[in-house]
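Engineer: Here you go, one structure.
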Amino acid sequence: MTPITPAHYMVLSAALFIIGVIGVMIRRNIIVILMSIELMLNAVNINLVAFSNQLNNAVGQVFVIFVICVAAAEAAVGLGIILAFYRNKETVNIDEMSLMRW
C-alpha cells in the first residue's frame, strides 16, 4: 500500500476545483452556483492543509479556518439575497436576475 503524498491531495483538489468551475460556468441555478463556489473554496482548503502538514507549519491550517468563515458568511449573505429575490420574482435562474443591472 502506497502512502498518501501531497501529490494525491493536489490531484483531488484540482478535480474538485475543476468541478466547481464547470458548475459555475454551465449551471443557471444560483443555488448550484453557490455550491460550486463552496466546492472551489474547499479545494483550496485541501491544498492548504496538505502543504501545511507537509511543511510542519500551522499557518495554512489557520488560513483554512479563515477561508471557512468567509465561505460561511458568503453562503449566508448569498442565500439571503436569493430568498429576497425569490419572493419577488419566484425564480432562481441567474439569466432572469437583471434586477440590479443598470
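The values are calculated or read from the model by the stated rules, or taken from the named source; none is laboratory data. Keep in mind that what you see is a predicted model, and the values were worked out from it rather than measured. All Cβ positions, glycine included, derive from the backbone under ideal geometry; neighbour counts span all protein chains shown. Remember, those area values only see protein heavy atoms, side chains included, never the ligands or the DNA or RNA. Shrake-Rupley method; radii C 1.70, N 1.55, O 1.52, S 1.80 Å.
Engineer: Okay, helix-only estimate at 222 nm for the chain: each DSSP H run of n ≥ 4 adds -39500 (n - 2.57), divide by all residues, round to 500 deg cm²/dmol; what do you get?
Structural biologist: -27000 deg cm²/dmol
Engineer: Leaving ligands, DNA and RNA out of it, report the carbon-plus-sulfur percent of the accessible area of the chain at a 1.4 Å probe.
Structural biologist: With neighbouring chains kept in place, the figure for the chain is 71 percent.
Engineer: Could you report the chain's accessible area per residue, 1.4 Å probe, as an integer in Å²?
Structural biologist: 73 Å²
Engineer: While we're here: Can you give me the Rg/Rh ratio for region 1-64, using Cα atoms for both radii and the Kirkwood formula for Rh?
Structural biologist: Using only Cα positions, Rg/Rh for region 1-64 is 1.09.
Engineer: Under the definition of Cα pairs under 8 Å and six or more residues apart, what whole-number percent is the relative contact order of region 31-102?
Structural biologist: In percent, rounded to a whole number, it is 27.
Engineer: Can you tell me the dipole magnitude for the chain around its Cα centre, using point charges on the Cβ only (Lys, Arg +1; Asp, Glu -1), in Debye to the nearest 20?
Structural biologist: The calculation lands at about 100 debye.
Engineer: Hey, what angle do you get for helix 6-26 against the long axis of the chain, alpha-carbon based, 0 to 90 degrees rounded to 10?
Structural biologist: 10 degrees
Engineer: Can I ask one more? Give the ranking of F17, F85, F66 by solvent-accessible surface, highest area first, calculated with a 1.4 Å probe.
Structural biologist: F66, F17, F85
Engineer: Would you please classify the overall shape of region 15-98 from the alpha carbon gyration tensor, given that a ≥ b ≥ c denote the square roots of the eigenvalues, rounded means a/c under 1.5, and beyond that prolate means a/b larger than b/c while oblate covers the rest?
Structural biologist: Here region 15-98 falls in the oblate category.
Engineer: Kindly provide the GluC sites (Glu not before Pro) of region 18-102 that DSSP labels as loop, not H, G, I, E or B, and whose Cβ sees at most 14 other Cβ atoms within 10 Å.
Structural biologist: Passing sites in region 18-102 are E90.
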